[in-house]
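The structure under discussion appears below in the form of structure tokens.
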Amino acid sequence: MPANISGTPFNSFGISFIQKQSCWRKSDDILRCSMGQRTIKLSTNTLNNRILTSVARQSTKDINAWKRDERTVYPSRVINQGIDKYCAENSRNISSEVRQRVFKLIEKDYSLKLNIIAAQSSINHLIIGNGRFGDKINMLCKGVSREVKNQTMDVIANQLADQFFQKHISPDVDIKQLRDDIPRYIMAASVISA
């Protein structure tokens, strides 16, 4: 992701998860992001606990009902994002028929209940709305354009949301694999409708 900070161009955005052990033998997944000379670290355990606390405090549903909703909404959002990304990168549009077919194929192969109109997940909103997350993003992206900052924030928030989903909502669904498979499903759905 190229950026220009104080006239110095670079394209050194990096993101990784590391596991840290405490002296009490508790482990914490740490998200480490670097951009140029700046590096931030976020404790996913801390962020995940804040998400769950926020849901318990704000939701009109109990936490298990919220998790059931997210089990449908989050992967549906990921699929919609993947389709939009595929279309943008390949300068093409897909019909609503093909989009529906992509959802049906994934629903069958992944044994998921999906909702084609689901585009926003509260997991991402809770991450982006977290003050600590915002402070870290501001620190990492100091001096970059608004566009680069927003792209960086989206990439990091999606990584954290994927990890949260896998750990707290549906451990049996490999979201990274789902993201990687979307172009293949688009091609398959396009062939079927041709």
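Rule-based calculations on the coordinates, nothing more; no lab input. Remember, it's a predicted structure, so these values are computed and weren't measured experimentally. Backbone-built Cβ (ideal geometry, glycine too); neighbour counts: all protein chains shown.
Overall, the chain carries a charge dipole of about 500 debye about its Cα centre when +1 sits on the Cβ of Lys and Arg and -1 on the Cβ of Asp and Glu, all other atoms neutral. Distance between the 7 Å Cα→Cβ label points at N90 and K20: 4.1 nm. Taking all Cα pairs closer than 8 Å and separated by 6 or more residues, the relative contact order of segment 11-193 comes to 23 percent. Note on S27 and N138: the extension gain reaches 37.3 nm, defined as 0.36 nm multiplied by sequence separation minus the Cα-Cα distance. Calculated from the structure at hand, P(r) over Cα pairs in 5 Å bins from 0, in percent is found among (1) 2, 8, 14, 19, 17, 13, 11, 9, 5, 2, 1, 0; (2) 1, 7, 14, 16, 15, 13, 10, 9, 7, 5, 2, 1, 0; (3) 1, 7, 14, 17, 16, 16, 13, 9, 4, 1, 0, 0 as (3). Ordering 136-142, 26-32 by mean Cβ neighbour count within 10 Å, with the highest value first, yields 136-142, 26-32. Within the same chain, lysines fewer than 8 places from K142 are excluded, and of the rest, those with a Cα less than 22 Å from its Cα are K41.
Sparsely packed loop sites in segment 58-88 (the trypsin sites (Lys or Arg not before Pro) outside DSSP H, G, I, E and B with at most 15 other Cβ atoms within 10 Å) comprise K61.
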